[in-house]
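Have a look at the structure below before the remarks.
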């Protein structure tokens, strides 16, 4: 059975799709593209998914949250994607790394391939690809949009008006 959890935090909408044991997808949007007209009926969701909702609310209120404890369905993705995502999960809260840094950790110069994998990240926040920036310190891309990336980095105290701290 698949579960869907839609959460509104300030002006941001978060949708989490999961099965009984793993998160299959997480999406962040600045507008509500998820909920159809009318009120959807609430279904019971696994306890750990409700715990994730609380952790997401805590994160957006400025608290440090360890999202590493949540099981992600990554087995269906390429070995390279899994390696990139595992490395990105190691980037600490409030810090950023470059695509080149990830490449060195993975012993590859395929920085664009790394960028491509991150652009397809089905678990933003849980795999914190917003913490990956260009080597010159500029933001770089983000699958959920540059404004959301900026907001996430600001929450973590990394981004200021002039760029990366």
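The values are calculated or read from the model by the stated rules, or taken from the named source; none is laboratory data. This is a predicted model, so every value here is computed, not measured. Glycine also receives a Cβ, built like all others from the backbone with ideal geometry; neighbour counts cover every protein chain displayed.
The single condition among (1) part of a helix (DSSP H, G or I); (2) closer than 17 Å to residue 155 by Cα; (3) free of Cβ contacts under 8 Å to residues at least 12 places away in the same chain that residue 130 does not meet is (3). Taking the listed residues 57, 86, 109, the one that is in the same structural domain as residue 9 (by TED's automatic domain parsing) and either under 25 Å from residue 19 (Cα atoms) or part of a loop (DSSP other than H, G, I, E, B) (or both) is 57, with no other qualifying. On inspection, residue 120 does not qualify as surrounded by 15 or more Cβ atoms within 10 Å (Cβ to Cβ) and either touching a strand residue (DSSP E or B) at 6+ places or on another chain (Cβ under 7 Å) or not assigned by TED's automatic domain parsing to the domain that holds residue 26 (or both). Considering 148, 74, 102, the condition of being within 19 Å of residue 24 (Cα to Cα) and either assigned by TED's automatic domain parsing to the domain that holds residue 29 or surrounded by 14 or more Cβ atoms within 10 Å (Cβ to Cβ) (or both) is satisfied by 74 alone. Based on what the data block shows, is residue 89 surrounded by fewer than 20 Cβ atoms within 10 Å (Cβ to Cβ), touching a strand residue (DSSP E or B) at 6+ places or on another chain (Cβ under 7 Å) and at pLDDT below 95? When the stated conditions are applied, residue 89 does not pass them.
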